[in-house]
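Visitor: This is the structure, below, for whatever I ask next.
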Amino acid sequence: MSNTDLNIMIPEIDPNYFLPVGIIKNLARIEKLSKRHPVNVMVVGKQGCGKSSLVKQFAAYYKRPLSTFQIGLLSEPGQLFGEKGLKKGNTFFEEFLFPKTISTPRSVIHLEEINRPEHPKALNDLFSVLSEDRSIWVEGLGLVKVADEVIFFATLNEGAEFTGIDMVDAALRDRFYIIQVDYPPPNIEEEIICSKTGVSREIAKKIVNVVNLLRNNAQMPLSVSTRHSLMIAELASEGANIRDALIYSIQIEKSILETALISLHLGEGEEEIIDIDNHNYVRYV
Ligand SMILES: Nc1ncnc2c1ncn2[C@@H]1O[C@H](COP(=O)(O)OP(=O)(O)O)[C@@H](O)[C@H]1O
Ligand SMILES: [Mg+2]
């Protein structure tokens, strides 16, 4: 199977992906609207809160081929479509995956990290494919048209280190419906952790408690993502205690972690064991 085929496959359903009912209902509306006219959707939320998974699950649910493009990596305009090459003295145009996928009916095109292209003009090509006329003239390819029922999903990271939706040019932003996603509520995050990593409900509860304490820490709130909660749980499923699982998953100031752990009333015996583990150096051979 060639690379191209691989990239435009219908993804598999994740049996343990959770979303608020309201968003699920709105996604059904989006699906219907896409049969009437072109639709673009922007998914906004903190890093690791499930944006890419949402796009993938939508494609899986509606049996649409999915392809993903890292907009954050684009360093020059025109880069999505292809490049000029030289073969036996003749120039030719090598077509990239993007024009192929936009001409695939019903495909979902995920534009990842649309707020962070390396080159400010790299987004220019997207304006015309996202607009009502849905076509673009590409040198070397001619007129490239967006196929029927194609949906563009852009994802955008927001948070302290990201500037968020305001960074996206107003004219571009104007073409999207917006879906705002957040970290799931504690009981759902527990469920996600249990079902995806196999840890017990009790351990999942502890992890979610600490993670939420850190997220809501008044001094220095940390945005610990669901992705990180899962990573912490995976270490726990391999036998790490909660403190070690945290220390080896997120960068965190010791004093903040201690405060969070103490307020969870973790057993003192457990702290003992950790100290031995971390102060006793042995040759790593
Ligand atoms: N609501 C959710 N239900 C199930 N798993 C989730 C959910 N949100 C996030 N995850 C899991 O967390 C990880 C990170 O999600 P991802 O979609 O890559 O985040 P983002 O694109 O927002 O950075 C994935 O493994 C995903 O399956
Ligand atoms: Mg993502």
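The values are calculated or read from the model by the stated rules, or taken from the named source; none is laboratory data. None of the values given here were measured: they were computed from a predicted structure. So basically every Cβ, Gly included, is an ideal-geometry build from the backbone, and we count neighbours across all protein chains shown. Just the protein is used for accessible areas: all its heavy atoms, side chains included, with ligands, DNA and RNA removed. Shrake-Rupley method; radii C 1.70, N 1.55, O 1.52, S 1.80 Å.
Visitor: How much FRET efficiency would the formula 1/(1 + (r/R0)^6) give for Ile262 and Tyr284, where r is the Cβ-Cβ distance and R0 is 30 Å, rounded to 0.05?
Guide: Rounded to the nearest 0.05, the efficiency is 0.45.
Visitor: How do the peptides 248-260, 173-185, 85-97 rank, highest first, by the average count of neighbouring beta carbon atoms within 10 Å per residue?
Guide: The most tightly packed comes first, giving 173-185, 248-260, 85-97.
Visitor: Using +1 on the beta carbon of Lys and Arg, -1 on that of Asp and Glu, and nothing else charged, what's the dipole of the chain about the Cα centre, debye to 20?
Guide: Using only the charged Cβ atoms, the result is roughly 1240 debye.
Visitor: OK, next. Choose one answer from Ala59, Ala147, Ala233: the residue with the largest mean-square fluctuation in a GNM of the chain with alpha-carbon springs under 10 Å.
Guide: Among Ala59, Ala147, Ala233, the largest mean-square fluctuation in the Gaussian network model of the chain belongs to Ala147.
Visitor: Name the most mobile residue of Lys145, Lys100, Lys25, meaning the one with the largest mean-square fluctuation, in a Gaussian network model of the chain with Cα contacts below 10 Å.
Guide: Looking only at Lys145, Lys100, Lys25, the biggest GNM fluctuation is shown by Lys25.
Visitor: Using DSSP, restrict attention to beta bridges with both residues in the chain and report what percent are antiparallel, rounded to the nearest 5.
Guide: In the chain, DSSP labels about 40 percent of beta bridges as antiparallel.
Visitor: Which Cα, out of Ser223, Gln70, Ile250, lies furthest along the positive dipole direction of the chain (beta carbon charges, K/R +1, D/E -1)?
Guide: Result: Gln70.
Visitor: Enter the accessible area of Val144 (Å², nearest 10), with the probe set to 1.4 Å and all protein chains included.
Guide: Approximately 10 Å² of Val144 is accessible to the 1.4 Å probe.
Visitor: Which of Ser128, Ser263, Ser53 ends up with the largest GNM mean-square fluctuation for the chain, with Cα atoms connected below 10 Å?
Guide: For the chain, modelled as a Gaussian network with Cα springs under 10 Å, the answer is Ser263.
Visitor: Accessible area per residue for region 125-253 in Å², computed with a 1.4 Å probe and the full protein assembly in place, what is it?
Guide: 51 Å²
Visitor: May I pose another question? Pull up the DSSP beta bridges for region 54-166 and report the antiparallel fraction as a percent, rounded to 5.
Guide: DSSP beta bridges in region 54-166 are roughly 55 percent antiparallel.
Visitor: Now for a different question. Ignoring ligands, DNA and RNA, what percent of the accessible area of region 3-180 is carbon or sulfur (1.4 Å)?
Guide: Exposed carbon and sulfur together represent 51 percent of the surface.
Visitor: Okay, next question. With the cut-off at 1.5 for a/c, could you classify region 76-163 from its C-alpha gyration tensor as rounded, prolate or oblate?
Guide: Oblate, since a/c reaches 1.5 and b/c is not below a/b.
Visitor: If you don't mind, another one. Around Asn209, under 14 Å between beta carbons, what's the net of Lys plus Arg minus Asp minus Glu among the other residues?
Guide: The answer is +2.
Visitor: What part of the accessible area of region 188-256, given as a whole %, is carbon or sulfur when the probe is 1.4 angstrom?
Guide: That share works out to 50 percent.
Visitor: Once you keep just the Cα pairs under 8 angstrom separated by 6 or more residues, what percentage relative contact order results for the chain?
Guide: Reported relative contact order: 20 percent.
Visitor: What nm distance separates the two modelled labels at Lys63 and Ser103, each placed 7 Å from Cα along Cα→Cβ?
Guide: 2.5 nm
Visitor: In deg cm²/dmol, rounded to 500, what helix-only [θ] at 222 nm does the chain give when every DSSP H run of at least 4 residues adds -39500 (n - 2.57) and the total is split over its residues?
Guide: Calculated at 222 nm, the ellipticity per residue is -12000 deg cm²/dmol.
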